[in-house]
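Here, each number is a calculation from the coordinates, and none is a lab measurement. Nothing here was measured: the structure is a model prediction, and the numbers come from that model. Positions of Cβ are backbone-derived with ideal geometry, glycine not excepted, and every protein chain shown enters the neighbour counts.
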Amino acid sequence: MDVSAQVIWQGVINGLALGWIYVLMALGLTLIFGIMHIMQFAHGEIYMLGAYVVYYLTASFRLPLVLAAILGMVCMAAAGLFLERVLFRQLKGDWLAAVVAALGLTLILQSGAVVVFGLYERSIPVLAQGPLNFMGTVVPKDRGVAVVVAVILSLALYVFLKTTKYGQAMVASAQNPEGAILQGIGPDKMAALCMAIGCALASAGGTLAGSLFALSPYMGLSPLVKGCTIIVLGGMGSLPGALIAGMILGLIDGLVPILFGHAWAAIGPLLVVILVLVIKPQGLFGHE
Amino acid sequence: MKGTAKRFAVVALCLLISGFFVFGADSPVQAKPKTLKVGMLMPISGPISVVGVGLTRAVELYFDKVNEEGGLQLGGDTYMLKLLPEDSKLDPTASSTAAKKLVYKDGCKFVFGAISPAVAAAIYQVCAKAKALHLITWIDAPGLPGDVSPKKPYAVRLCISSDAGWEPDYSFLREKFPEARKLFIVAPNVGLPLERARKLAKEHGLEVVGHEIWDLGTQDFLPYYTKALAAKPDIIQAMCSAQAGYQLRTARQLGYKGVFISDAPTGPAMILSLVGPEGSSDVISNGMDMSHATPSMKECMDRWKKKYKEPFFSDAIITWSEAEVFVQALKKANSVEPEKVVAAFDSMTAPDSFQTAFGPGHMGGANRFGVNRVVVRPMPISLIMSGKIEFEGFRMPVVDK
Amino acid sequence: MSRKTINKIWGWAAIALAAIAAPLVLGSIYWTSVLTTIVINVLLAVSLRTIFLIGEFSLGHVGFMCLGAYASSLLSMKAGAPFGLSLFAGALMAGLVALGLGYPFMRVKGIYFVILTVMASESFRNLAMNWEDLTGGFGGLVGIPAPGMLNIPFLGEVDFGGFNEYYYLTLTVVAFSLFLIHRLERSRLGFTWLAIRETDKQAAAVGINVLRYKVINFSIACFFAGLGGALLAHSEQTISPQAGSAFGVMTTMYLLIYMVVGGKSRFTGPVCGAVVLSLVMEFTRPMQEYQPMIVGAIAIAVVLFFPEGLVSIPEKIGTWFSTASETTAEAPVKGSAHKG
């Protein structure tokens, strides 16, 4: 392989940049799974809807991007609350039913998006123009901005969980549902909160991806699979696990195609996950 | 009834109800002027549904036009054209089922389709078995199993593949950018004949310094363009991609300043809108600049605006013009029998045998494919400089080499 | 034989009669090919449910379909193997791979297992897409041979490439497979599986090698998935590894929905679900864009209001009219000697 160090370094940066967007998805998924014990397979559609909401806010209402993005997050958080209340609360305990419901939801949202939004590709205004010189490599500026935003959001989540009462209760609830009740916060409220936060994060991820690439009603499926891979690798319910696994997966995605070609890039993540799970079935940071 | 018996009743009931539907749905309807049913398989759902729907609508619009003018007089009967679109889902298995429906249930003798070569091959299997004519509407790469061949009496290709534009593109490139020599190719994984590109490039004094192949469904072109720029090319050619705009944007964001060629029919206006004026310089495109549309294309646009609410999708003129050719072949054959229509196509090999929206054309391809079953018609070339589109004109593609 | 068994036999006989008569009654090549697909879907849904018997579920069923389809197609296309052999070999291939993967996979539980199966199936599909020399890469395989002529007593030379003939062939294969699966479920092997589902640790405590039984179950289920894939390949005579194809994630979702909507507790559940939903999808062909929405809405409605699936509806109606005593006999599968 006559691949220069320059290209490898570029691959690393590219991969990590993308990885952070998937981390936003994974954080939401792992929160929801850790606390509600439901695999929210429709999360990809929340990601997609968040992107479309922001698109409409910027295109039709001419709002500035940052404001639109925040509104998008609020909007999807509200949607998450609605879904939790109406759908997932009824299905507590029957996780197969919850999965099917999430799948049904995915189908509805996806085809609904096609019908409502139409098929034309759209793009959210770019985050930034032009190239950026980062440690000797050229990176498109908009990717840099995306990474920064994702990191800020993740840090914000971390701070929330560590310092606020609700945050600590959520962490406790993930480990031990009764413990959270002792704190005076009911499981339903926990579920609502984590759903809201998870959906807001997914919406942010969708917005970032929508400005880097294109919007399409089907854009949510692939990040969902990547998000699931991340939480399996990192361990269900573990936030640091999601971060580290996200970085690892990003690295794999960025480097393997360059070094070994795309065939290996397709199976790479599976092999890594199998390897990790064989050694440690709960994932890198998971707990049983 | 007991539980077990109840259960079988449910299933049997379902089967019965379905039988009901079938008999209801199949009740024959006698129409007064005859209807010529033409099927069309396009990806109506899925990631490139914009293209699928757009191309389908164009044919529908053309059929509307023909019907408004009184239909077609063939073999003593008057025929109204009716288009039956089905979803190919870009999946050969689903397309095979849909094609069977069109051919066996609806009785179509002509089927348009598709976009992916695998789907085209699947459609042909069904058509051949039923002796219906498969009209290939698009092919990413020629010569693949979905394409025409002497062994396939029921396949005619109505479109030009994007590789036919390489030769006129390279000539144009040498005219406008005589200094540029090093060419890098970025192509999708559909089986494009890259060896042929290398040969053609060499003939025009260009040197291919590398190529990158990406899988369909790729949204993120950064890794490919990173490697492309590492080879320091003067020219990057994005082959056969409706996402040429994104590719160009990626290249410019990485600091690429050279020439960019897009040989797909994506219009230069679309590329411009995606990339913005700063990035749009030194771009050659085989898409049609609609501000220089021919009268036929204008008619397509007008009809579209009257009938559909979405903005006009400029790739649609391709199938509009294919429908034009199809109707002309029907008229020449003076029949609705597939074999006679194929014979009509075979006979239209002289230049200017028929009119298309792009200009006069004829059937060709015998040298390369063994039969003259490929439409040869002019291709548009435009140049984008400093955010402005300069329409260069039409050039004849090279289909036979 | 008890009254219940007699009812059951009549029930199955009625279904069999309907299935056999259907192509002749409907009289259209197109409907025959639809029926063939429905029958294959039934096999896939029922084999998916088999995994559910050990308390897991797999979202990677299509990956094994893909393996079976490609193995069978390549054998008959490139090696010229006769149909019966390639069909069986394809299914066997899927089963063996499942056996191999089963050992690492079955060590993880619940949701981890699910995600692993999804990743595995996507990887198989991507492998098919990228291993061009073997699998024809992106374009997939076209021109897969249909089964050839066969001399059958009483019927003479039968060309199984024809639509009706292939339907009956598929029907026979699937019926036989369903019979096998049904028998397995009621056998000691099946009860062991149920025991494992109900309580993992206690089963281990009585000396059952939990891992081994789980892996066996997974292999058998995936064997039939491979069989279904191979049948599909020879029916449509073309397969493709693209994301939107029959081997993509969407199909897995649909299979799971067939199973749960039909009813996951009983053997007839997936049969009913596959038939009903396949028909719904066929009838909604004119409204293509709304098709996923309709299926999704049905899925959510069933999950919220009929958690036991469609097969439980006649009983629910029955409970309205009849007294409680009749219904206690119809408790869903719980590891006891229940015939359902």
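Structural remarks
- Sequence-distant residues sharing a close amide H with B:Ser280 (under 5 Å, placed H): B:Gly387
- Lysines with Cα under 23 Å of B:Lys298, excluding same-chain neighbours fewer than 8 positions away: B:Lys65, B:Lys82, B:Lys306, B:Lys307, B:Lys309, B:Lys388
- Sequence-distant lysines (8 or more away, or on other chains) whose Cα lies within less than 28 Å of A:Lys162: A:Lys92, A:Lys189, A:Lys226, A:Lys280
- GNM result for chain B, Cα springs below 10 Å: residue of B:Ala242, B:Ala128, B:Ala329 fluctuating most strongly: B:Ala128
- Integer Hz, Karplus 6.51/-1.76/1.60 couplings in order for region B:284-292, x for Gly and Pro: 10, 9, 8, x, 8, 7, 6, 6, 10
- Amide H contacts of B:His204 (H built 1.01 Å from N, in plane; Pro and chain starts excluded): no residue 5 or more places away or on another chain comes under 5 Å.
- Whether the protein assembly as shown is rounded, prolate or oblate, judged on the alpha carbon gyration tensor where a/c under 1.5 counts as rounded: oblate
- Amide hydrogen neighbours beyond the local backbone of B:Glu310, cut-off 5 Å, H modeled: none
- Total formal charge among the other residues, if their Cβ is under 9 angstrom from that of B:Ser162, Lys/Arg +1 and Asp/Glu -1: -3
- Using just its DSSP H runs of length 4 or more, each adding -39500 (n - 2.57), chain B gives a mean residue ellipticity at 222 nm of -12500 deg cm²/dmol after division by all residues.
- Rounded to the nearest whole Hz, the Karplus-based 3J(HN,Hα) values (6.51 cos²θ - 1.76 cosθ + 1.60, θ = phi - 60°) of region A:17-33 follow the sequence 4, 5, x, 5, 5, 5, 4, 4, 4, 5, 4, x, 4, 6, 4, 5, 6, with x at glycine and proline.
- The lysines whose alpha-carbon is closer than 30 Å to the alpha-carbon of C:Lys8, local same-chain residues fewer than 8 away aside, are B:Lys2, B:Lys6, C:Lys214, C:Lys264, C:Lys316, C:Lys334, C:Lys339.
- Among the trypsin sites (Lys or Arg not before Pro) within region A:1-103, those in coil by DSSP and having at most 11 neighbouring Cβ atoms inside 10 Å are A:Arg62.
- DSSP-defined beta bridges in the protein assembly as shown - what % are antiparallel, rounded to 5: 45 percent
- Part-to-part distance (alpha-carbon centres) for region A:236-277 and region B:118-149, which is given in Å: 39 Å
- Under a Gaussian network description of chain C, with springs only between Cα atoms under 10 Å, the residue in C:His182, C:His234, C:His61 that fluctuates furthest is C:His182.
- The percentage of C-alpha pairs in region A:5-279 whose separation is greater than 33 Å is 20%.
- Gyration tensor (alpha-carbon) shape descriptor, region A:1-114, a/c threshold 1.5: oblate
- Coupling constants for region C:247-264 follow from the phi torsions by the Karplus curve (6.51 cos²θ - 1.76 cosθ + 1.60, θ = phi - 60°), and in residue order they are 9, x, 5, 4, 4, 4, 4, 4, 4, 4, 5, 4, 5, 6, 5, x, x, 7 Hz; glycine and proline get x.
- The overall shape of region B:326-386 is prolate: from the C-alpha gyration tensor, with semi-axes ordered a ≥ b ≥ c, the ratio a/c is 1.5 or greater and a/b exceeds b/c.
- From the Kirkwood radius over Cα pairs of region B:64-185, Stokes-Einstein at 25 °C and 0.890 mPa s returns a whole-number translational diffusion coefficient of 147 µm²/s.
- Counting lysine pairs in region B:112-248 whose alpha carbons fall under 15 angstrom apart, excluding pairs fewer than 8 residues apart on the same chain, gives 8.
- GNM result for chain C, Cα springs below 10 Å: residue of C:Ile144, C:Ile294, C:Ile15 fluctuating most strongly: C:Ile15
- Chain B: relative contact order as a whole-number percent, Cα under 8 Å and 6+ apart: 15 percent
- Of all complete DSSP H helices in chain B, those with a Cα span along the helix axis of 24 Å or greater and a mean Kyte-Doolittle hydropathy of 0.5 or more are B:3-25, B:316-333.
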